[in-house]
Amino acid sequence: MKHVVTNEWLLAHLSEANLIIADTRFVLGQPEAGRLAYEEGRIPGAVYLDLEKDLSAPIEAHGGRHPLPAVDILAERLGRAGITNTSRVVVYDDQGGAMASRLWWVLQYLGHDEVYVLERGFSAWKQAGNPVDAEPKASASGVFVPNPRKQWLVSMEEVRAKLGASGTVLIDSREAPRYRGESESIDKAAGHIPGAINKFWKDLLDEQGQIKSAAEIAKNFADLPRDQEIIVYCGSGVTATPNVLGLSEAGFEQVRLYAGSWSDWISYAENPIATGNED
């Protein structure tokens with residue numbers, strides 16, 4: 001697979017000098033849980049990047065629950081974690097790849113191709129008998145020079161301008177009840193962006209919570225046109241990123257992320273809201 005590596009691959013490459021392993025475990029509503037888990041045990045050599053402290057900006061009136069930081073701020077935080085332009089980065093979490101895919105997307109967006117998501121989370125790594133480290137890790141900062149792929153990102157204004165237009169497919173990555181507006185436990189309004197279809201991000205995982213094969217991922221997106229722009233969103237721009245990764249894995253080339261996602265969309269009172277399933 002292009003963007004996913006196995007436990008066996010990582011185990012065989014642990015000693016590579018330019019390898020950076022990034023732990024992105026994070027539990028929504030429990031902001032310290034990921035770091036505490038990291039400190040208790042991690043893949044040897046792994047650095048920790050926090051969804052909210054490192055990969056998100058402070059919440060404001062607009063921008064959603066996990067706003068995307070400015071490019072220079074992201075670059076500084078990546079460099080501080082030891083990631084440089086020559087690093088080969090492997091990212092893992094324990095949330096089915098949701099948090100890991102956020103960092104994967106950030107690095108891809110900033111022009112860094114050598115980044116991969118571990119096919120299964122930390123628990124599976126540990127249960128397989130692979131090495132785990134809990135010793136304090138000395139920081140090794142570096143310099144990361146960004147080269148943003150601006151086409152990977154789409155603004156709220158662009159999404160609004162494309163409503164009802166041909167040539168664009170809008171994908172909502174949340175679970176079906178939230179998409180249909182039947183329930184909403186996180187955001188202030190229920191429903192979805194008009195015209196969006198539902199592709200729940202966890203459909204990319206098998207029964208064991210492992211990322212499916214490239215062929216199975218391709219089946220998940222077989223009904224989508226390959227010659228059109230695809231815009232992906234979720235609640236706050238995090239769980240949309242596994243779908244971006246999956247679409248890229250399946251060979252789709254015109255895939256963009258609406259980083260602010262639903263929580264940003266509903267922060268504008270004039271934006272329309274749809275419920276139910278789209279025809």
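The values are calculated or read from the model by the stated rules, or taken from the named source; none is laboratory data. Computed from a predicted model, the values in this text were never measured in an experiment. A quick note on method: Cβ atoms are made from the backbone with ideal geometry, for glycine too, and the neighbour counts reach across all protein chains shown. Protein only, heavy atoms only, side chains kept; ligands, DNA and RNA dropped before computing areas. Shrake-Rupley method; radii C 1.70, N 1.55, O 1.52, S 1.80 Å.
So I have (i) 19.2, 65; (ii) 18.2, 55; (iii) 22.8, 73, and one of them is Rg and Dmax of the Cα atoms in Å calculated from this model. Which one is it?
(ii)
Compare GLY142, GLY82, GLY164 in a GNM of the chain, Cα atoms joined below 10 Å, and give the one with the largest fluctuation.
GLY164
Rounding to the nearest 20 debye, state how big the charge dipole of region 156-241 is about its Cα centre with +1 on each Lys and Arg Cβ and -1 on each Asp and Glu Cβ.
The dipole magnitude comes to about 80 debye.
Could you please put TYR38, TYR92 in sequence from largest to smallest accessible area, using a 1.4 Å probe?
Sorted descending by solvent-accessible area, the residues read TYR38, TYR92.
At a Förster distance of 35 Å, what's the computed FRET efficiency of GLU157 paired with GLU32, Cβ-Cβ distance as r, to 0.05?
With a Förster radius of 35 Å, E is 0.50.
Identify the GluC sites (Glu not before Pro) of region 1-66 meeting these criteria: DSSP loop state and at most 16 other C-beta atoms within 10 Å of the C-beta.
Those satisfying the criteria are GLU16, GLU32, GLU52, GLU60.
Picking from SER236, SER15, SER101, which is most flexible by a Gaussian network model of the chain using Cα springs under 10 Å?
SER15
Report the relative contact order of region 126-279, percent, no decimals, based on alpha-carbon pairs under 8 angstrom and at least 6 residues apart.
Relative CO of region 126-279 lands at 30 percent.
Per residue of region 38-54, what does 6.51 cos²θ - 1.76 cosθ + 1.60 with θ = phi - 60° give for ³J(HN,Hα)? Whole Hz please, x for Gly and Pro, Karplus curve as stated.
Values per residue, Gly and Pro as x: 4, 5, 6, x, 8, 5, x, x, 5, 9, 10, 10, 8, 3, 8, 8, 10 Hz.
Quantify, in whole percent, the carbon and sulfur part of the accessible surface of the chain (1.4 Å probe; protein heavy atoms only).
49 percent
Apply the Kirkwood formula to region 81-238: the hydrodynamic radius equals the inverse of the mean of 1/r over all pairs of different alpha-carbon atoms; give it in Å with one decimal.
Across region 81-238, the inverse of the average 1/r is 18.1 Å.
For the pairs LYS2/LYS150; LYS53/LYS212; LYS137/LYS202; LYS2/LYS199; LYS2/LYS53, note any where the Cα-Cα span goes beyond 24 Å.
LYS53/LYS212; LYS137/LYS202; LYS2/LYS53
Compute the helix-to-body angle for 98-109: its Cα long axis versus the longest principal axis of the chain, expressed 0 to 90° and rounded to tens.
90 degrees
Tell me what the chain gives for mean residue ellipticity at 222 nm when only DSSP H runs of n ≥ 4 count, each as -39,500 (n - 2.57), the sum divided by the residue total, rounded to 500 deg cm²/dmol.
Per the formula, -7000 deg cm²/dmol.
Quick one: net charge of GLY181's neighbours, Cβ under 13 Å, K/R +1, D/E -1?
The answer is -2.
Output the relative contact order of the chain, whole-number percent, from Cα pairs under 8 angstrom with separation of 6+ residues.
Relative CO of the chain lands at 22 percent.
So, in Å, what gap is there between the alpha-carbon centers of region 25-66 and region 90-112?
12 Å
So the label point goes 7 Å from the Cα of SER123 along Cα→C-beta, right? Which residues of region 11-29 then have their backbone N under 15 Å from it?
Output list for this probe position: 25-28.
Residues of region 172-211 with amide nitrogen under 13 Å from the 7 Å Cα-to-Cβ point of GLN228?
The answer is 172, 195-198.
If you count only protein heavy atoms with a 1.4 Å probe, what accessible area per residue comes out for the chain, rounded to a whole Å²?
That works out to 44 Å² for each residue.
Among LYS212, LYS199, LYS126, which one shows the highest mean-square fluctuation when the chain is modelled as a Gaussian network with alpha-carbon springs under 10 Å?
LYS126
To the nearest 20 debye, what is the magnitude of the charge dipole of the chain about its Cα centre, counting +1 on the Cβ of each Lys and Arg and -1 on the Cβ of each Asp and Glu?
So the magnitude is around 220 debye.
What does the charge dipole of region 22-100 about its Cα centre add up to, to the nearest 20 debye, if the Cβ of each Lys and Arg holds +1 and the Cβ of each Asp and Glu holds -1?
180 debye
Among PHE200, THR84, VAL117, whose Cα sits farthest toward the positive end of the charge dipole of region 66-205 (+1 at Cβ of Lys/Arg, -1 at Cβ of Asp/Glu, about the Cα centre)?
PHE200
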